[in-house]
Amino acid sequence: MSGPGRSLWPALAAVLALSVGAALAQVQGSVSARLGATTISIDETVTLVVVATGLDRALDTTALETQFDVVSRSSSREVAITDGERRSTVTWALELVPREVGVFTVPAVRVGDVESELLSLTVTEAPTGSDRRVFVEAEVDVENPWVQSQVLLTVRVLRAIDIVDGSLAEPSGDGLDVRALGDDRAYSEERDGRRYAVVERRYALFPQRSGRLAVDPVTLSVTVTADPSRVRGFFSPTRRLTRRTAPIALDVRPRPPGGSGWWLPAREVSLEERREGDSPGEARVGEPL
């Protein structure tokens, strides 16, 4: 072909390349990703949602796990048939825990040979003062008890937002015998100008050896709505918060020297005598009391 006819080939080649590229993309499928929030604190989790369309492969999170801990994952699958063509969509929801504070690029995840886009996440320090929406604290009534004496531990959960569900771990510590005391107590309290609903639990700790013992931090794990300002519904997005009490150290005093036999450290000891019978104040020889 000569003359103007030759100028059609570049245009036809470009159209053909675009058509082939579109067809390959359609065959290969696509992977998209989005975060439930772009800014979280170090003690929160964030949900990463990954959607794979037209790909029947497993999700590879190897790159993701170099920067985050994946504490839970779930998936769902939908299949649609359009013009006789069967096409599946798989959605994964991954709950991520950041390992440090900073601004991070969330690595791409892979489904087969297709990668998701890169995302940005800002992780801040844990909130303090009136910025706290939910937190947990613990205190003891004495920090230098006698060995095997009772230490009263009080744990309080304070919240200024609704909680979808949650759990509070039991206190523990090497060398400590821990026992729960009574039922929870609920009340309200103001801290730093903010009103909180409070749930209080009490425990008895019995140190089994002298020296320095540590009460391990008590962990509170709760699920809250991702956007507390919105009305909560059954399918409202949520996120998990983890809060811990500050460490507590006990300086346990040893048993005093010179004593032997039974050891009973107590704040108060009382003795009571009771005799039953027709005449409790009288006794006769040969009659039992």
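Where a number appears in this text, it was derived from the coordinates with a stated rule and is not lab data. No experiment lies behind these values; they were computed from the predicted model shown. All Cβ positions, glycine included, derive from the backbone under ideal geometry; neighbour counts span all protein chains shown.
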- Among 61-67, 239-245, how do they line up from the highest to the lowest mean number of other beta-carbon atoms within 10 Å? 239-245, 61-67
- If you take the C-alpha gyration tensor of the range 18-149, multiply each eigenvalue by 5 and take the square root, what semi-axes do you get, largest first, in whole Å? 44, 16, 13
- Note on the structure: Rounded to one decimal in nm, the spacing of the 7 Å Cα→Cβ label points at Arg284 and Asp183 is 5.0
- Under the Karplus relation 6.51 cos²θ - 1.76 cosθ + 1.60, θ = phi - 60°, what is the ordered set of whole-Hz ³J(HN,Hα) values for the range 197-212, x standing for Gly and Pro? 8, 10, 10, 10, 10, 10, 9, 9, 10, 10, x, 9, 8, 7, x, 8
- Taking a ≥ b ≥ c as the square roots of the eigenvalues of the Cα gyration tensor of the range 110-242, is the shape rounded (a/c under 1.5), prolate (a/b larger than b/c) or oblate? prolate
- Query: For the range 72-166, what is the convex hull volume of its Cα atoms per residue in Å³?
  - Reply: 242
- Message: Please list, ordered by chain and number, the residues whose modelled amide H lies under 5 Å from the amide H of Ile248; skip anything fewer than 5 residues away on the same chain.
- Response: Val215
- Computed over the range 78-134, the ratio Rg/Rh where both radii use C-alpha atoms and Rh is Kirkwood: 1.21
